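The values are calculated or read from the model by the stated rules, or taken from the named source; none is laboratory data. None of the values given here were measured: they were computed from a predicted structure. Here the Cβ is made from the backbone with ideal geometry for all residues, glycine too, and neighbour counts use every protein chain on show. These accessible areas exclude ligands, DNA and RNA; they are computed on the full protein's heavy atoms, side chains included. Shrake-Rupley method; radii C 1.70, N 1.55, O 1.52, S 1.80 Å.
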Amino acid sequence: MILLVVLGGPTVAASSFTLLPEPLQQAIRGQNLPADAVGLWVQRVGDPEPLVQLHADRQFNPASTIKLATTLAALSELGPDYIWETEIHATGPVRDGVLRGDLVLRGAGDPGMVSEEHWRMLAALRRTGLRRIDGDVLLDTSQFRLPAEDPGAFDGQPLRAYNQPPHALHVNANALRFHVLPESDGRSIRIEADPPLPGLPIVNRLRASSGSCGTWQRGIRYEVDNGATGPRVIFSGDYPVNCGSYELLRTAVAPEIYQRELFRLHWDQWGGELTGQVRYGAGADTDADPLLVHRSRPLGDIMRVANKWSSNVATRQLALTLGAERFGPPATVDKARQALYQVLGELGVAVGGMVIDNGSGLSRHTRITPLQLAQVLQAGWDSPWRPEFVSSLAIAGLDGTLRRRFQDGPERGRMHLKTGHLNQVSAVAGFVRTRSNEDVLVVLLVNHENAHTGAGTGLQEAVLRWVHAL
């Protein structure tokens, strides 16, 4: 369900294209974009009025720039020091290092749970003295109450890491990093998975070849075969070994299987034993004090992942956490949306007409105006957490989604921005330090059939360079 909230707030009359400075008019014409496809807001921080605006009160799909709203709301409500606690409980007594019962992993939706954190968590569990589990490991995901979701529903790519739904016990956002490594003989290719899930076979049918390094995925075809004996990943195609190593980030299995195999891998590495299975379940009696509480990295760190690298999963879990904290657990999609609207409204953002789907921007339904997104930026600038908010954005020419842009020009290092990109959508929003050392907030939203094919990026380059030169 898409929740549309209508609240009062200021509106700005759509400015005429002919009132834009001539360089911006030329930039839009130069990308063969109709003016109606472009929303723009440029304003010096602290000024009461914008320098330029175009269709400021028209709704656009913002793609991943909506993450600015989600992360700011979470930061404002929860604080940069907020942490997620994954609890480990026992349903029976532990005597002489042996648990006579089940072990329960109670997830909190930690967006920063990665292999290294999981490995350290099980190391800490071993240090409690537990050596053998004579029972099952139960995965308690009751903190999230979410409808079933098809990861391929958005664009038909269910194995892409960015399409993974949220989960209360995610590790690595349910993704695997496959390393394609040509051997020194030039005739064979090795494939290694990180993490190396022991129950996930890799079938390597790659053929060594020579050729261009610019082909899609360097000629690699990736698929998952969910056969009767369990899932396996299959690599095939002609790989140009002269191109060196290559990495492919993909998903392969459901979160339950991922957690099962990773638990067995890490528990075994720490010398632990498990006689039962790893499966979903909450345990019959887990109200007692936990054996262990694993504390996540703080929200301030997670924000940097969400914004700099545009992590959909991390952002969605931030939104769900915000909803659960404001309205009580379990986290639901409706609670997350309501909490986002409420917090943004309290920050001075006119949320009337705004439509937030999942908070990440991976949606065809999300809508926001350039003015509203500018208000989000202004609220972030006015926040006591301004340093945390601004530093979570990608820096031009240096890191995140902007690491390869503006590398050689005077703009390098002087823009903190969030980018957005979907088919027919191109967007950018954030802060630019001009050459005269003024801070300017910028919002540029383009919705057009050619926006994602280069026209949107070309317009971004022109607008951002114009702003920097002010």
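Brief remarks on what is shown
- Charged neighbours of Ala254, selected by a Cβ distance under 13 Å, balance to -2 (K, R count +1; D, E count -1).
- Taking the DSSP bridge list for segment 88-190 and keeping only pairs wholly inside it, about 55 percent are antiparallel.
- Charge tally around Gly271: other residues with Cβ under 9 Å, Lys/Arg +1 each, Asp/Glu -1 each, net 0.
- Share of Cα-Cα pairs in segment 402-455 lying beyond 15 Å, as whole percent: 54
- Segment 210-351: C-alpha gyration tensor shape, a/c 1.5 cut-off, then a/b vs b/c: oblate
- Evaluated with a Cβ-only charge set (Lys, Arg +1; Asp, Glu -1), the chain carries a dipole of roughly 840 debye about its Cα centre, given to the nearest 20.
- Computed extension length for Arg132-Asp268: 47.9 nm, one decimal, from 0.36 nm per residue of separation with the Cα-Cα distance subtracted.
- In segment 84-204, the ratio of gyration radius to Kirkwood radius, Rg to Rh, stands at 1.06 when only Cα atoms are counted.
- Segment 217-282, Rg to Rh (Cα coordinates; Rh as Kirkwood inverse mean 1/r): 1.10
- With R₀ fixed at 45 Å, the C-beta to C-beta distance from Asp334 to Arg190 puts the FRET efficiency at about 0.45.
- Spatially, segment 450-470 and segment 143-194 are offset by 32 Å when compared through their Cα centroids.
- Solvent-free Debye scattering, log10 I(q)/I(0), computed from the Cα coordinates of segment 309-440 at q = 0.22 Å⁻¹: -1.49
- Aspartates and glutamates whose Cα lies under 16 Å from that of Lys335, excluding same-chain neighbours fewer than 8 positions away: Glu77, Glu325, Asp357
- For Thr18 and Ile234, the difference between the fully extended length at 0.36 nm per residue and the C-alpha to C-alpha distance is 72.2 nm.
- Descending by average beta-carbon neighbour count within 10 Å, the peptides 187-197, 385-395 line up as 385-395, 187-197, the highest first.
- Helix-only mean residue ellipticity at 222 nm for the chain, each DSSP H run of n ≥ 4 adding -39500 (n - 2.57), per residue, nearest 500: -8000 deg cm²/dmol
- DSSP bridge pairs, segment 209-357: antiparallel proportion in percent, nearest 5: 90
- Counting charges near Arg44 (Lys, Arg +1; Asp, Glu -1) among other residues having Cβ under 13 Å from its Cβ returns a value of -3.
- Note on segment 314-470: with neighbouring protein chains present and a 1.4 Å probe, carbon and sulfur make up 46 percent of its accessible heavy-atom surface.
- With every protein chain in place, segment 64-159: carbon and sulfur % of accessible area (1.4 Å): 44
- Cβ-derived FRET efficiency at R0 51 Å, Asp96 paired with Asn32, nearest 0.05: 0.10
- Between Glu49 and Asp408, the contour length at 0.36 nm per residue exceeds the alpha carbon distance by 126.0 nm.
- For the chain, the per residue solvent-accessible surface stands at 42 Å², with DNA, RNA and ligands left out and a 1.4 Å probe.
- Rolling a 1.4 Å probe over the protein heavy atoms of segment 208-311, with every protein chain left in place, gives an accessible area that is 47 percent carbon and sulfur.
- Taking the Kirkwood radius as Rh and the Cα radius of gyration as Rg, segment 278-353 has a ratio of Rg/Rh equal to 1.07.
- The chain: antiparallel DSSP beta bridges as a percent of all, rounded to 5: 75
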